[in-house]
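Remarks on the structure that follows.
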Amino acid sequence: MRAIARATGEASVDENTLYRLRTGRSTNPSMKVMWSICQGLGITPGFLFPGVRWDVQEHRELTAALERDEVRRLCLRLAHMDSDRLAEVDRLLDAS
């Protein structure tokens, strides 16, 4: 809770709210609560949804990397490549 308050500059999430969310007694937090929790944890809201395949540290690193325009541009280009081309790029990066 202290991390959330430090990140948001206010006490936007109380212990009771966190308890209800952790125990499943509350399943639909407000956007303000969701953003506050994410800011406190240093993650984006997408990390909280099912299907995430990486841990918190990887998520933080990816989020930080994607803030750079050139990284975002390259990622979008890579997303459209077939497996052989991706393997080729991977080999080139390993060689450098």
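What's the local net charge at Ala79, with K and R +1, D and E -1, over the other residues with C-beta under 12 Å away?
Values: positive: Arg72, Arg73, Arg77, Arg85; negative: Asp82.
Net charge around Ala79: +3.
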statement: With only helices counted (DSSP H, runs n ≥ 4, each -39500 (n - 2.57)), the per-residue ellipticity at 222 nm for the chain, to the nearest 500, works out to -19000 deg cm²/dmol
task: Quick one: pull the percent of accessible area on the chain belonging to carbon and sulfur, 1.4 Å probe, ligands and nucleic acids left out.
output: 54
field: Compactness relative to 2.2 N^0.38 Å, alpha carbon Rg of the chain
entry: 1.45
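The values are calculated or read from the model by the stated rules, or taken from the named source; none is laboratory data. Not measured: the values here are computed from a predicted model. Using ideal geometry, Cβ is built from the backbone for each residue, glycine included, and neighbour counts are taken over all protein chains shown. We work out accessible area using only protein heavy atoms, side chains counted, and drop any ligands, DNA or RNA first. Shrake-Rupley method; radii C 1.70, N 1.55, O 1.52, S 1.80 Å.
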